[in-house]
1. Given (1) surrounded by 15 or more Cβ atoms within 10 Å (Cβ to Cβ); (2) over 15 Å from LEU220 (Cα atoms), identify the lone condition not met by PHE21.
2. Are any of the residues in the stretch 159-170 at pLDDT 85 or above, hydroxyl-bearing (Ser, Thr, Tyr) and part of a helix (DSSP H, G or I)?
3. Evaluate the stretch 90-101: report whether one residue or more is closer than 21 Å to PHE176 by Cβ and modelled with pLDDT of 90 or more.
4. For the stretch 120-157, how many residues meet the condition of being assigned to a helix (DSSP H, G or I) and either under 18 Å from VAL103 (Cβ atoms) or touching a residue at least 24 places away in the same chain (Cβ under 8 Å) (or both)?
5. Give the residue, chosen from LEU9, LEU96, LEU28, that is in a helix (DSSP H, G or I), surrounded by 10 or more Cβ atoms within 10 Å (Cβ to Cβ) and aliphatic (A, V, I, L, M).
6. Can you name every residue in the stretch 75-91 that is without any contact (Cβ under 8 Å) to a residue 40 or more places away in the chain and either crowded, with 17+ Cβ neighbours inside 10 Å or within 19 Å of PHE140 (Cβ to Cβ) (or both)?
7. Got a sec? Which of THR36, THR48 is touching a Gly at 6+ places or on another chain (Cβ under 7 Å) and surrounded by 12 or more Cβ atoms within 10 Å (Cβ to Cβ)?
8. Would you confirm whether any residue within the stretch 22-29 is more than 27 Å from ILE207 (Cα to Cα), at pLDDT below 90 and aliphatic (A, V, I, L, M)?
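The values are calculated or read from the model by the stated rules, or taken from the named source; none is laboratory data. Quick caveat, the model's predicted, so the values are computed rather than measured. Cβ placement follows ideal geometry from the backbone for every residue including glycine, while neighbour counts extend to all protein chains displayed.
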Amino acid sequence: MRSERPPILLAGLAALGIAFFVLPLVGLLLRAPWQTALSDLTAPEAVTALRLSLVVSLAATAVALVLGVPLAWVYARVPFPGRDVVRALTTLPMILPPVVGGVALLFAFGRRGLFGQTLDAMFGIRLPFTTAGAVLAATFVAMPFLVLTVEAGLRSMDRRYEDAARTLGAGRWHVFRRVTLPLIAPSVFAGAVLCWARALGEFGATIMFAGNLPGTTQTLPLAVYIALETRPEVAIMLSLVLLAVSLAILIVMRDRYLRAF
C-alpha cells in the first residue's frame, strides 16, 4: 500500500478519534487495583461468573455452529424468493439493541410466550431465568457473526473442487463433508471465534430474558454491573479480562472480520 501524507486537519481529527477510544481504556487501566488483582479475580463471585460465562459462551457457539453453518450454506448457494429479507431478519440481532432482543425472546420463549407455552405445557421446559435461557440469549445475539463470516467464505471459495468431486461420483452430503467443510474451515473457525467473543460479552438480552441469578445466569458482564456498586475493584478487574479477550480477538481476526462485512 502506497504511503500518503495526510492533510494536517485530517491528521488532527484522526488523532482526536483515536483519543476518543483510547482514553477510556487508559482510564480503566490506571484505576485498576493491580496490587489486589489476583485476589479480586479469584473472589468467589468472580470465579463463579467466569465459569458460567465460559459454559454459556461455549454452549452458544456450539449451537450457532450446528444451526449457523447450514444457514450460511443456504444463503450462499440456494436462491429463493425473499432471501434478502430472510437474511436481514436473521442478522438483525447484530444491530438490534440487546434489550429489545431480550424482550423479543421473552415473548417468544417465556412461559406465556408464543412458543414457550407449548414447551411448558408439553415438555415442562421453562427457559427464562435458567442457564439454558442464558445460552439461548447469547446464541440469539452472537450467531449472526458466524453466519455472515461462513457465508463470505462459501461465496469466495473455488467451487471447481466440488464440481470435480461430483464428477467422480460423490454425493452431495459427501461433497459437503469431505470437500466444502475443509475448504471453508478457516472461515468457520473465524466465525466461531467471533461468535464466542460476542456471546462472552452479552449483557442486555441475557438480563432481560434470563435474569441476573448468581451461579445460574450471572455471567461476567452481569457480574461487572453488580460489582460496580459494591466492589468496584472486582468490577474493574473483570472488565479488564473482557477487554483483553476482545482486543486479542479483534487483532487476530481483523482481516477475516473485514472481509465478511
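1. Tallying (1) surrounded by 15 or more Cβ atoms within 10 Å (Cβ to Cβ); (2) over 15 Å from LEU220 (Cα atoms), PHE21 fails exactly one: (1).
2. no
3. Filtering the stretch 90-101 for residues closer than 21 Å to PHE176 by Cβ gives 90.
Retained after the next criterion (residues that are modelled with pLDDT of 90 or more): 90.
Scanning the stretch 90-101, I find at least one residue that is closer than 21 Å to PHE176 by Cβ and modelled with pLDDT of 90 or more, so the answer is yes.
4. Here is the first cut: in the stretch 120-157, the ones assigned to a helix (DSSP H, G or I) are 120-123, 131-156.
Cutting the leftovers down to either under 18 Å from VAL103 (Cβ atoms) or touching a residue at least 24 places away in the same chain (Cβ under 8 Å) (or both) gives us 131, 133-156.
Count: 25.
5. Answer to the check: LEU28.
6. In the first step, residues of the stretch 75-91 are kept if they are without any contact (Cβ under 8 Å) to a residue 40 or more places away in the chain; the result is 78-89.
If the condition is that a residue be without any contact (Cβ under 8 Å) to a residue 40 or more places away in the chain and either crowded, with 17+ Cβ neighbours inside 10 Å or within 19 Å of PHE140 (Cβ to Cβ) (or both), then VAL85, VAL86, ARG87, ALA88, LEU89 are the ones that fit.
7. Testing whether each residue is touching a Gly at 6+ places or on another chain (Cβ under 7 Å) and surrounded by 12 or more Cβ atoms within 10 Å (Cβ to Cβ) leaves just THR48.
8. Looking through the stretch 22-29, none of the residues is more than 27 Å from ILE207 (Cα to Cα), at pLDDT below 90 and aliphatic (A, V, I, L, M).
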